[in-house]
Amino acid sequence: MSGNTFVSSRLELIENRFKEIDTLLDLAQKSITNPTTYSTLCRSAHVLLVSHVEGIYKDIVRDTIDDLNRNTDFINIKKTIFKTHSLHFIQNRDNSKFTDNNKFTENEKFTEIIKDRLWEAFKNSKTQLILEPFLRIDNKNPTPKILEEILKKFGESSFFNSLKDSRLEIVFENDLKSSIRELKRIKKYLNKGVQNFPYNVDKSYFHNNESHKSRKDKGLFEEFLNEFLSDRHKIVHGQTLDNPKNDKEIEISKLKIEILIYAFIISICHCSNPIMHL
């Protein structure tokens, strides 16, 4: 297995995306005596932050696929990942887009048979995953539902549930120093863990071992992201001329989103490790 993974190379670019938000917020703070300029910069930072989240999750999926293609054979990857890949070959030809629920044929049983036959035919071949089945073709805001949908294609069935009562929820305790400390800690853990393939990261870093499957309530991260996206929608579609959040609130929101994104990357990398390392 090789070092210098595609995912590790992406982390610096992700940091640069978040630094763009810092630049806008710094300019906003310097323009606080000019309400028009201040409002414009805050609103721009809010919208750009959401755009970066969408760009990041798409980039990370692409990088993970590239790492798998470079380092594995099909026999080494999780069956869930192969089955997602196989959708490319059995999608309904009357529908050019991948649907939300991945139903590419009316006969799901027949679909599973085809997936199994493809597995038997290619399981001993070099991994050649196709990106499209792992991503949505349509451009949608990075809602909790979409992030979970992406991770399910890699075998993670309850990402936001795994964040409930986890150490990462410290960002909701209004303790800025502790939140910044956690951000530094998770970045350090992730940077070190994805330098080589197989990745040396595990969901146990944040995953609460208690089962939350019976809980239907939304966790703090899910509620936060939904609210932040709702505010972004109001800005983009001209439904409000006021700032949903000021520069300090956006700064805190950025910190929460950074930690959420790094947890997402840990989860997708953990799920993508060769089965012998899981």
- Query: What FRET efficiency, computed as 1/(1 + (r/R0)^6) with R0 = 45 Å and r the Cβ-Cβ distance, is obtained for R181 and N76, rounded to the nearest 0.05?
  - Reply: 0.75
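In the neighborhood of D63, defined by Cβ-to-Cβ distances under 11 Å, what is the net charge if each Lys or Arg adds +1 and each Asp or Glu adds -1?
Counting the neighbours of D63, the net charge comes to +1.
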- Taking the Cα-to-Cβ direction at K145 and at N34 and moving 7 Å from each Cα, how far apart do the two end points lie in nm? 4.1
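What does the extension gain come out to for Q128 and D59, with contour length at 0.36 nm per residue minus their alpha carbon separation?
Working: separation 69, 0.36 × 69 = 24.84 nm, distance 1.77 nm.
My answer for the length gained is 23.1 nm.
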- Order of E132, E222 from fewest to most other C-beta atoms within 10 Å? E132, E222
- Distance in nm between D217 and S44 label points, each 7 Å along Cα→Cβ, equals 4.0
- Note on the structure: Going from the fewest other Cβ atoms within 10 Å to the most, one would list C271, C42 as C271, C42
- Note on the structure: Least to most buried among E149, E258, E182, by other C-beta atoms within 10 Å and fewest first, runs E149, E182, E258
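Since every read-out is calculated from the coordinates, none of them should be taken as a lab result. Just so we're clear, the structure is a prediction, and the values are computed from it rather than from any experiment. A quick note on method: Cβ atoms are made from the backbone with ideal geometry, for glycine too, and the neighbour counts reach across all protein chains shown.
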